[in-house]
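Please treat every number below as a calculation from the coordinates, not as lab data. Only a predicted model underlies this, so the values are computations on that prediction, with no experimental measurement involved. Neighbour counts run over all protein chains shown; Cβ positions are idealised from the backbone, glycine included.
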Amino acid sequence: MSSPRQLIQVGDQQIALPEGVTVSEWGLEKVTVQNPRIRAFLGCVKLLGSVLESNYAILHCSPERLQEIWRKVRKVAELIRTKIAPLLRVPSRIPDLEEARQRAHDAYSFLDQGVLEQLSEFPESVAPHRLMELRKLLCVSIGQLHSFLQDTFSDLAASDPRSGPHDADYFISRRFSEDIDEAEWLYATVSRLSRHLERMMKVLPVDLGTLAQQVRREKTIPHHHMWENVQSFLDLLTGSLVPKLREVLSLRGIRFSEMEVVDRYAHDLPVRCRMLVEVHDLGGETIEEIQGNVGSSHVELEQCGLDLKTCHAVVSRRMADHMREIDRILRDLIAFIPLWLQGISRRRALMLRKIEDLDDETLDDGQAAPDEAAPDEAAPDEAALDEAESESA
C-alpha cells in the first residue's frame, strides 16, 4: 500500500506533493535550485525589458542608446549561460517540473547554438563599421531572447508545485495576451492604411504608369492642367500616405522582415516624389530662360526651337523615369498590404487558438473583437480626399 502524499503549505492552502516526494526533498530542491532559477529568469526578463525597443527604434537610435542596449543584451546573454544554464541541468524530483526542465534545457541548447553564439562573436566595444550589422542582429536576437526567457519561465513556474491551476493559466497566457494586443493594434493600423490607400487611388485616379508612357512617347513636359493633377497626387502621397507608413513602423508588433519592406517604401516614395517635382520645376525654368533670351533673326528662332525640343525631350524622359518608379512602388505596396494583413491574421488566429485552449477565465471579458480594435477616423490630412470625393459625387 502506497504511503499518503505529503502536504506543503502555500499561503493559506495545503497542496499535496507528487507521490514519493517528501517535504524535505522538495524543500531542498526549492531552496537550492527552483527559487534561484526563478530569480535568475526574473532578473533577466527585467533587465531585457528595459531595452525592448521596436526594430525601427533599434535601427535608428543614437550610438549612445545602441551601446546601452548592447551592454544589457550582452549581460543577459552572459547570465543565461552562467546562471540559468547550470540550473537547468539539475534534475527535479517533481515529474511535471522535470518535464518542464527538460523542455527548457532543450530550448536553451537551441538558443545557445544560435543567438547566443552569434552574440558572442561581437566584442563589448563594436567598431563603427559594424554598427549596422549589430543593429540588425539585435533586432532578431532581442525578441528571441525575450521569448525564451518569458516562455521558459512561464512553463517552469506553471509546473512548480506551489502554482495552482489559476496560476498556471496566468503564467502561460501572460505573454500571449501581450502578443495579441500588439498584433490586434498592428492589424487595425494596417487595415486603416489599406483603406486609406484604396480610397486615395479611387478619388484621385492618376495612372502614373500610363502617364509616364505618354510623356516618354510625346517627349513633352506635361501641360499645366495635367501637372496640377499629378502635383495634387504627389502631395497626398507625401503628406498623407507616407506618415501612415511611418506610424506602422513605430508599432511593437511589426516584425523585422515586414519593417524592412515598409521602411523602404516610406523612404523611397517621398524621395522619388521630390525628385519628380524638382525635375519638372527645373525644366520649366529652363524653358522660360530659353524663351526669354531668343533673338529675332530666323537662325535664332530656329535654334530656340531646337533648344526647346531638346529640353522637353530630356526633362520629359527623366520625369517619365520617376513617374514609372513611383507607380512601381505604389503597385508593390498595394500588392504587399493584403498579404501582410493575411499574415498578421494568421498570427492572431494562432495565438487565439492557443489561448482558447486554456480556461475561459484567462480571457478578458471586455476584450475588443479584432475588427473593433480601433475606429477608422478621418485625419485632417485627408481633407483633399473628402473634397475630391464630394466633387466626383
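Computed values, structure above
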| quantity | calculated |
| --- | --- |
| Efficiency of FRET from Cβ geometry, VAL140 and ARG71, R₀ 25 Å, rounded to 0.05 | 0.85 |
| Förster radius 51 Å - calculated FRET efficiency between HIS225 and ASP332, Cβ distance, rounded to 0.05 | 0.95 |
| Mean Cβ count within 10 Å, highest first, over the residues of peptides 319-329, 67-77 | 319-329, 67-77 |
| Sites ARG103 and LEU339 - FRET efficiency at Förster radius 30 Å, r taken between beta-carbons, to 0.05 | 0.35 |
| Cβ-based charge dipole, the stretch 20-163, positive-most Cα from LEU138, PRO63, PRO36 | PRO63 |
